[in-house]
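Heads up, the thing below is written out as structure tokens.
The values are calculated or read from the model by the stated rules, or taken from the named source; none is laboratory data. As the structure is a computational prediction, the values presented were derived from the model and not from experiment. Heads up, the Cβs are rebuilt from the backbone with ideal geometry, glycines too, and the neighbour counts pull from every protein chain shown. Calculation scope for accessible area: heavy atoms of the full protein, side chains included, ligands and nucleic acids excluded. Shrake-Rupley method; radii C 1.70, N 1.55, O 1.52, S 1.80 Å.
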Amino acid sequence: MLWSATARLSANPSPLHLPVFNQSITVFGKSKPSRVRCSHSRAMESNDDTSKAKGLSFDDFLSKKPYSPPTWASHLKPIPSHVFSLAHLPTPIHKWNLPNLPQNTEVWLKRDDLSGMQLSGNKVRKLEFLLAEAVAQGADCIITIGGIQSNHCRATAVAAKYLNLDSYLILRTSKLLVDKDPGLTGNLLVERFMGAHIQLISKEEYAKIGSVALTNVLKEQLLKEGRRPYVIPVGGSNSLGTWGYIEAMREIEEQLQIRSNRVKFDDIVVACGSGGTIAGLSLGSWLGALKAKVHAFCVCDDPDYFYDFVQDLIDGLQAGVNARDIVSIINAKGLGYAINTSEELKFVKEVAAATGVVLDPVYSGKAAYGMMKDMAENPKKWEGRKVLFVHTGGLLGLFDKVDQMAPFVGNWQRMDVNESIPRKEGIGKMF
């Protein structure tokens, strides 16, 4: 069913608890992030006053620039010719003081949830490359596909509008809701504010037809109408989109190089939902200087599916490596994609209360839950290691879980003001 921005147009894991900290949490590694010019026209974070990098000029945001890859990725093919500047980069890295870690284990957080506001999350890194190609091909609209609360579809709608392109979003939903207005919860609110053309498909139809065929059907319809559509796959995950996280790995390397204490990460942990992010991170870590072990917690499908899918992506770049050599993929699907147990949701709430970091329930929340569960069950495996957890965003997805989250956030009461406190009408100004 098709929906415009305003109206319809047509037709069981073991428990894991974190204590709530009452004391403040010390955060390390934070600095004022700044996007600056580099020899390769991308960004790095400056932590000291001696940096000779020049600040980003005001007109670089939303600009299209020639792209030059990291030297260690220069043998990959094809190399993108251009990239758009859509994200606020570099995103910070800071220490994440999670409780109950194994002995001498440190967890640090790469804050890709801070890559923007409407464009927040990991998807914008892929879109920087994908939309550069769309514009180069003369597209006037973008087609993409995902779940009803797809962060990727929301980011695509925003980025497309920034570039004066229309967006067409195919959103997967329940067969009971496919004929109803999808509402304005979470990502849907932003998408519909952007004027995105929303088409609903039931999960059952999606499973039988597939995302490629569905986007092709819509593409043919738009071509007949005289439009020039560009199709972006689920999650922006194809070989071109993979460059977003190859480039992110260069960013991480540069951030580490300019730190005085030169932190060295042994492991990278990240959620996996469509495969492009883990393909880029894994390939970048393997080819670059970091050489960290990448652990991907998949929140849908299964590890074998993603090993094959990642292999296809890196083969599309002629990387010449085996996916199983560069990434470990762990099943964190639980009850199913975007379906949470009460323990998972309680974990997300407890992490926020303990550390101030809000995880989304669909991706990073499940990945962090899986990581902490593995650390609790196999502490020796993680002892003494420095772990970088990549927060891929998705905060808006929490708004779709408010009814389930309500039992965990009951800390409120009416303020009791004693009758002895002086009162005078009009003394309190309400701004």
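General remarks:
- Mean sequence separation of contacting Cα pairs (under 8 Å, at least six apart), scaled by the length of region 315-423, corresponds to a relative contact order of 25 percent.
- Surface exposure of region 234-344, expressed per residue as accessible area with a 1.4 Å probe, stands at 33 Å².
- Three-way shape label, region 159-206, alpha-carbon gyration tensor, a/c 1.5: prolate
- Set K95/K291; K77/K291; K346/K386; K291/K346 screened for pairs whose C-alpha atoms are more than 23 Å apart: K346/K386; K291/K346
- Solvent-accessible area, 1.4 Å probe, carbon plus sulfur percent, for the chain: 53
- If you wrap the chain in the convex hull of its Cα atoms and look at it from every side, the mean projected area works out to 25.3 nm².
- Were the residues from E383 through L189 laid out at 0.36 nm apart, the gain over their Cα-Cα distance would be 65.5 nm.
- Region 213-243 versus region 392-407: alpha-carbon centroid distance in Å: 29
- Annotation: average projected area of region 276-431 is 15.1 square nanometres, based on the convex hull of Cα atoms across all directions.
- Cα-only Debye scattering, region 322-361: base-10 log of I(q)/I(0) at q = 0.27, 0.29 Å⁻¹: -0.88, -0.93
- Put a dot 7 Å past the Cα of A213, heading toward its Cβ, do the same for T341, and the two dots end up 3.5 nm apart.
- Using the Cβ of K381 as centre and a radius below 13 Å, the other residues enclosed give a net charge of -1, where K and R count +1 and D and E count -1.
- Directionally averaged shadow of region 66-221, computed from the convex hull of its alpha-carbon atoms, nm²: 13.2
- Secondary structure note: in the chain, about 25% of the DSSP beta bridges are antiparallel.
- Relative to the Cα centre, the charge distribution of region 343-429, modelled as +1 at Lys and Arg Cβ and -1 at Asp and Glu Cβ, gives a dipole magnitude of about 300 debye.
- Euclidean distance between Cα centres, region 346-370 to region 170-207, Å: 26
- Summary of packing: across the peptides 220-231, 300-311, the per-residue average of other C-beta atoms within 10 Å ranks them, highest first, as 300-311, 220-231.
- D308-K77 FRET efficiency (beta carbon distance; Förster radius 30 Å; 0.05 resolution): 0.90
- Zero-based 5 Å bins, Cα pair distances in region 174-231, whole percents: 4, 15, 20, 21, 24, 14, 2
- Cross-link pairs exceeding 19 Å between alpha carbons, from the set K65/K126; K349/K381; K349/K401: K349/K381.
- Prolate/oblate/rounded call for region 276-345, Cα gyration tensor, a/c under 1.5 rounded: prolate
- Label point distance in nm, A352-Q318, each placed 7 Å from Cα along Cα→Cβ: 4.8
- If you plug the beta carbon distance of A376 and K429 into 1/(1 + (r/R0)^6) with R0 = 41 Å, you get a FRET efficiency near 0.20.
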